[in-house]
Structure formats: structure tokens, C-alpha cells
Amino acid sequence: MTAAPLLAVDHLTMRFGGLVAIGDLSFQARHKEITAIIGPNGAGKTTVFNCLTGFYRPSSGMLSLTHRTGERFLLERLDGHLIARTAKVARTFQNIRLFSNMTVLENLIVAQHTALMKASLFTLGGLFNLPSYRHAERRALDLARHWLDKVNLTAKADEAASALPYGDQRRLEIARAMCTQPEILCLDEPAAGLNPKESADLNQLLLAIKAEEGIGILLIEHDMSVVMGISDHVVVLDYGRKIAEGPPAFVRADAAVIRAYLGQDDDAKEDAC
Amino acid sequence: MARLPFLVKDAGLAALVALGLAFPMAGFRLPDGASGTDLSFRFDLVAAAAAVVFLGRLFLGLSRPFFISTGQKLAAKSTGLSKRIHWGGYVLAGIAFVLPMLPFADRNLIDKATLILIYVMLGWGLNIVVGLAGLLDLGYVAFYAVGAYSYALLSLHFGLSFWICLPLSGLFAALFGILLGFPVLRLRGDYLAIVTLGFGEIIRIILLNWQNFTGGPNGISSIQRPGFFGLPFTADPPEGVASFSDFFGLDYSTFHRVVFLYYLILALALLTNFFTVRIRKLPLGRAWEALREDEIACKALGINPTMVKLSAFALGAMFAGFAGSFFATRQGFISPDSFSFIESALILAIAVLGGKGSQVGVALAAILLIGIPEWFRELAQYRMLAFGCAMVLIMVWRPEGLMSKREPTVSLKDGPP
């Protein structure tokens, strides 16, 4: 493959004082692929996300994102909100962050802030309800409706987001991220707290996004049925370092991965050394 | 009733506290006697205080189920309610519009209504900052002061008319809003409240101490009054200028100006209202509400929190600036005394009692909070007692404000097709 990958993480290091949360991590993620980052608790998975989406500034390393148009962005140099706005990186959160007092539909409209803000001429045109703004608002509603259908929330569109059951909130957060029309969707434990049926539905949703939108998905997940079932490429972290990488079946058989997950008693460790 | 013993016990406890407080404060008297000061006792008063507290507490406890059930009923009928609130708003606006034409409308009534409308406007302006963007601002009166002094100084030094100064005052106040916004961008909640409180006081103290510029504690007097499109409201207009009464062939009356000022502030307040109602349905307004809900999620969606916060501060301040310049032209005299912290607290109380984000609720709260102390002037020193009681009752009855129902800004059913 000669085309630049969607996301190239090169020698990413994140230090908090003396603590190395991520050490010299390199991996790639491609369009139309689901890349999963797994690892035991505290392995640094969410830290990788926070670096990618601008909530942390990496201590060193390069994060380059290439759109399908060929446009290239260096994420470590962009401000937090610009990563979402110009580089088109969308994310969800481990502990769901919806606008809870706003309705489901409003959540999806807020996600299209950048486009609508331009169409409203930074509010001036919107105040006078110019036709161009009305047109943009209609398009925004169409996009929102599209994603409401995808995540099965059309019937609940006018309810407050906080009134939704947990599984619906998870799906709404994904729909909201997709309404920003991203190039890469970063999901932080989307299956956490879902029952097996909801988890299976989520798999279908993610596969559909991959197939229909042609974007890349980056996934942090503990639920192995999700990871092994749908991901194309798996990166395994332990103590901030990459210990294995490859297709799901390959990673599952890797000795270092099994050791990281199941642990190893001290005698065995000495033997190994 | 099963809860009665508990309620009696609770009331007894409150009465005990009242007894403890009243005993040293009201129990003793030191009247002048033959040999210096005598000591006399007033235990009847102490007992009365304890009894009042006991009965009051018992009444509150017994009536609470009633309050809660009406609250639940109101919430259950929320769709019908929101429609009725909508109509209530139009009715209120209609009453405000015809008020000066009613037979019982005298100067006194219109003056009070004008005062209420100033606070309605301030409440609506602060609602942008507190209700929509969720930024707790305890120094809002500073922008009101900036607007008032902008008009007073511009008209005094440059002879500019009210209609030119009005937008300028709004602009200056908005600039001060941005000025305040920058240092507090990282702050939220209590911390933000403290800094804005400080900002409000800084502005007042500057106004108080910058003698040469603001006139210090003496304030600025004989501020130009507004005319009706160039026609002054005076009995003896200067040479070559027709006064309002001459032009329309009316007998001169001071009532004309009062009514004119009333309609002016009504128009300004309605402008604030229309602006807020409209901007809630625009991306900027939605971003304000989203920022109130979750700043981190906003950032992840590409919304720049800095711009959103600054715009909320600036636009909220702008309306305070408009109201300030109206205040200056109505009073004809301003001094730093008019812009003390208690004003900020009052405006915040209006915004909170009204129900954060509800336009009709804020208008009702302003009528109650400004109207009650004005109409109960006969009660003299018990005036503030009535005021306090009203506030407590509102908070017991509707803990989330008079109108706490949030209207969605867009819906699948009746949004644009």
C-alpha cells in the first residue's frame, strides 16, 4: 500500500511528571478498518485517545492524520477544538458525556455547530432568518434524522437525553459524533455496560458505519466479543507500551498478550528472564 | 395523618432553636431606672416568638404534600403548561402595552412599571449569561453601570443625543463583558462567581474614586433627557425648537415624558426578549446551552469554548448597557450608589426565581421582586420582611424557579420540514 494511512502514530510518548503513561508507541489505522486498542486497566488506552483528540499535549512523538482528499494534519500541533473542527476527529467518552438537559435531536444539531455557524454568518444572518440559513438548518435536520434512524432513536428524538436508558445514551453519543461528519471515529469503551443483545447491535452499527461511511474507527474496548468480532487490526498495550499488534486471531494467540491479561507468577517471570 | 408526630417533633425542635435565639435577644430589657439602668424581663415575647415558629413550621410541614402534589401535577401537564405559558407571555405583553392608556394609570403607577421593566430587561439580559450559558455572574450590575456612565459622559462631553449613545453604551458594555470574560475563561461555578463579584466591585470603586472623570461620589447630574425624535419634552423649549406638546398641539404635561420613557423601556425589553428567543434557535444559542451542559463534550465536537463564553458575556453585557443608558436618561442623575452589589444580587435573584432560561418566568419574578417592595411601601420597616417571605414561599413552592420547564429549540414534529 502506497497511500498514506488514515492515522499514523509515531513514537508517541506521554509523561506525567516521572510517570510514563505511554512510551514510544507507534501504530497505524486505515480507512474502512476498525482498529482496536486493548490492554489491561491502566495500560494507557484512554491516554492515547486524549492525545489524539487534543485533551493532552503529547510529550513527544508525531500524530499525523490524512483525509481521503489527501489533506494532512499534525494533530499534536492543533488546539483541542480544532482537531474536531478541521482535522475531523470525532470521539465518544468512557463515561458518557451528553448534553443531558437538551433533547436527543438538539444533541445531534449541536454536533453540526461548525457548519451551521458558518451558514448563519456567525449569527447575524440567522437572526434575520436568511434563506441560506434556513436551507442549512434543513440539511442539518436531515443529517440528524439519518443518524436517528441508524441508531433507532427516531421515536425518542424529542425526549431529554438524560431520560434515555443507558444503552440508548451510548448509541446517541455515537450518532452525535457521526453528525460531525468525521474522518476517524474514536470510541472509548462503547460496549461498557451494555447487555449481550445491545452489544451485538453495537457491532452491527459499527460495521455499518465502516462499510457505508468509509471512515476509520479507532476503538478502545474491554468486551472481547466486540473486539474479536469486528476489528480488523488490534493493538495491545501494557504499561504504556505496545506488546503486540496484528489481526485479532494472531493477537489472541500471542504469548505476551496472554501474560499481560492473565498475569504470571514471579517464579515464571524469573524463568523467562 | 401518620406523619403528624414527626412533624410536631420537628416543629418543637425549631421552636426550641427559636427559644434559644429569642431568649438573649428579646428576653431582657434595660430601662432607665431611678439608680442608673434597671433590668426587666420580657419572657412573654420570647414565648410568643417560639409559638410563632412552632406553628409556622408545623404549617409548612403539613402543607408540603400539597405543594409537592401541585408541582407534580404541573409537571405532568407540562405540554399543556408550556402552551399556556406562551399565552401568558402574550397576555403580559398586551397588558404592558395598554397600561398607560388605562383610566387608573397615573404617574406613580407608570413610574413603578418603568422600574419593573428595567429589571425585566436586566433579568433577561443576565438570563443569557446565567440561564443559557450557565456562567454564574455576580457582577452583572457593572455592565449596567458602564452603560449608564457611557451615556452620561458622552452626552455631557460631546453633546451626543440619546439615540446615538444607546448603541454606543451597549457596545462599551459588551467590550467590558469581553474584558471580564478573558481572565475568567478557565473558571466555572463558585470560582467564576467570586471573580465576577470582584469585577463588579472594581467597577463601582473606580467610579467612586476617579473624581475628575466620573465625578466620584457626587455622580453626574443634569444628564440630557431624551426627546421624541428631536422634540424635547419641555414646557419652554429653546428658540427655534418645537417641544413635543407644541408640535402635537397638546397641553404641556410632565406625564408625556413618563409615558414616553415607559414605552421606550418596554421596546428595549421586548428587543432583549426577541433576541434571546431567536438566538436560542441559532447555533450560537445552542452552543451556549451545550456549554452549560458539558464543556468537554463541546470541545470534542469542534465548538470553541472561548468564543462561546466570550460571546455570552459580551451579549449579556450589551443588554445591561442598553438598560444602563436608559436608566441614566430617565433619572437625569447617576452616582455609584445605584450600582452596588445588592443590585447584582437582585437581578440574579430575578433570573433564578424566574426559572433559569424561562422568559415569562423572569418577567413574573421581576414583577414580584420589584413590585412587592414598591407596593408594600406602607409597611415601612416590615417591607423587606414581606419581600423575604415572598422569596421563601416561591422557593418552597417551585424549587426550580417559577417556570422551570425548558422548551426544546427544535423538534422533529414541528421543526422546519
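The values are calculated or read from the model by the stated rules, or taken from the named source; none is laboratory data. Just so we're clear, the structure is a prediction, and the values are computed from it rather than from any experiment. With ideal geometry, Cβ positions are generated from the backbone for all residues, glycine too; neighbour counts draw on all protein chains shown. Accessible surface areas use protein heavy atoms only, side chains included; no ligands, DNA or RNA. Shrake-Rupley method; radii C 1.70, N 1.55, O 1.52, S 1.80 Å.
Return yes or no: is A:SER60 over 17 Å from B:ASN304 (Cβ atoms), in contact with a strand residue (DSSP E or B) (Cβ under 8 Å, 6 or more places away or on another chain), more than 8 Å from chain B (Cβ to nearest Cβ) and small (Gly, Ala, Ser)? Yes: the conditions hold for A:SER60.
Screening A:PHE73 on (1) part of a strand (DSSP E or B); (2) farther than 25 Å from A:ALA256 by Cβ; (3) in contact with a Gly (Cβ under 8 Å, 6 or more places away or on another chain) shows it passes everything except condition (3). Out of the residues in segment A:56-81 that are buried (at least 17 other Cβ atoms within 10 Å of the Cβ) and among the hydrophobic types (A, V, I, L, M, F, W, C), which is nearest to A:LEU6 (Cα to Cα)? Only one residue fits best here, namely A:LEU65.
Picking from residues in segment A:230-260 that are modelled with pLDDT of 85 or more and in contact with a Pro (Cβ under 8 Å, 6 or more places away or on another chain), the one that is nearest to A:LEU187 (Cα to Cα) is A:SER231.
With the condition being within 22 Å of B:ALA297 (Cβ to Cβ) and at the interface with chain B (Cβ under 7 Å from one of its Cβ atoms), I'd like the helices (runs of 4 or more DSSP H) fully within segment A:86-142 carrying at least 2 qualifying residues.
A:104-110, A:113-119
Of the numbered criteria (1) in contact with a helix residue (DSSP H, G or I) (Cβ under 9 Å, 6 or more places away or on another chain); (2) away from every other protein chain (no Cβ under 14 Å); (3) not β-branched (Val, Ile, Thr), the one A:ARG72 fails is (1). Residues that are touching a residue at least 24 places away in the same chain (Cβ under 8 Å) number at least 1 in the following helices (runs of 4 or more DSSP H) confined to segment B:179-252: B:189-209, B:211-214.
With the condition kept exactly as written, say whether any residue in segment B:151-159 is more than 14 Å from B:ALA320 (Cα to Cα) and either part of a loop (DSSP other than H, G, I, E, B) or open to solvent by less than 10 Å² (accessible area, probe 1.4 Å) (or both). There is at least one residue in segment B:151-159 that is more than 14 Å from B:ALA320 (Cα to Cα) and either part of a loop (DSSP other than H, G, I, E, B) or open to solvent by less than 10 Å² (accessible area, probe 1.4 Å) (or both). Do the conditions hold for A:ARG171, that is, is it more than 12 Å from chain B (Cβ to nearest Cβ), more than 20 Å from A:HIS81 (Cα to Cα) and open to solvent by 10 Å² or more (accessible area, probe 1.4 Å)? For A:ARG171, the condition - more than 12 Å from chain B (Cβ to nearest Cβ), more than 20 Å from A:HIS81 (Cα to Cα) and open to solvent by 10 Å² or more (accessible area, probe 1.4 Å) - is met.
Put simply, of B:LEU369, B:LEU385 the only residue that is more than 14 Å from every other protein chain (Cβ to nearest Cβ) and within 14 Å of the chain's Cα centre (by Cα) is B:LEU369. Given the criteria over 29 Å from B:ARG257 (Cβ atoms) and open to solvent by 50 Å² or more (accessible area, probe 1.4 Å), does B:PRO183 qualify? Yes: the conditions hold for B:PRO183. Selection over segment B:358-375 of residues that are surrounded by fewer than 24 Cβ atoms within 10 Å (Cβ to Cβ) and more than 17 Å from B:VAL277 (Cβ to Cβ) gives a count of 9. Looking across B:LEU264, B:LEU291, B:LEU270, B:LEU301, one residue alone is closer than 30 Å to A:THR123 by Cβ and in contact with a strand residue (DSSP E or B) (Cβ under 9 Å, 6 or more places away or on another chain). It is B:LEU301.
A:SER162 passes every criterion in (1) in contact (Cβ under 8 Å) with a residue 60 or more places away in the chain; (2) in a loop (DSSP other than H, G, I, E, B); (3) more than 9 Å from every other protein chain (Cβ to nearest Cβ) apart from (2). Scanning segment B:264-316 for residues that are more than 7 Å from chain A (Cβ to nearest Cβ), buried (at least 21 other Cβ atoms within 10 Å of the Cβ) and under 18 Å from A:ILE96 (Cα atoms) yields B:LEU291, B:ARG292, B:CYS298. Inspect segment A:181-194 for any residue being open to solvent by less than 30 Å² (accessible area, probe 1.4 Å) and either part of a helix (DSSP H, G or I) or among the polar types (S, T, N, Q) (or both) and give the result as yes or no. There is no residue in segment A:181-194 that is open to solvent by less than 30 Å² (accessible area, probe 1.4 Å) and either part of a helix (DSSP H, G or I) or among the polar types (S, T, N, Q) (or both). Among the residues here, A:LEU19 does not qualify as within 14 Å of another protein chain (Cβ to nearest Cβ) and either more than 22 Å from A:LEU74 (Cβ to Cβ) or crowded, with 24+ Cβ neighbours inside 10 Å (or both). The one condition from (1) facing chain A (nearest Cβ under 9 Å); (2) open to solvent by 30 Å² or more (accessible area, probe 1.4 Å) that B:PHE255 does not meet is (1). Screening segment A:26-41 for residues that are touching a residue at least 12 places away in the same chain (Cβ under 8 Å) and assigned to a loop (DSSP other than H, G, I, E, B) and picking the one that is surrounded by the most Cβ atoms within 10 Å (Cβ to Cβ) gives A:GLY39.
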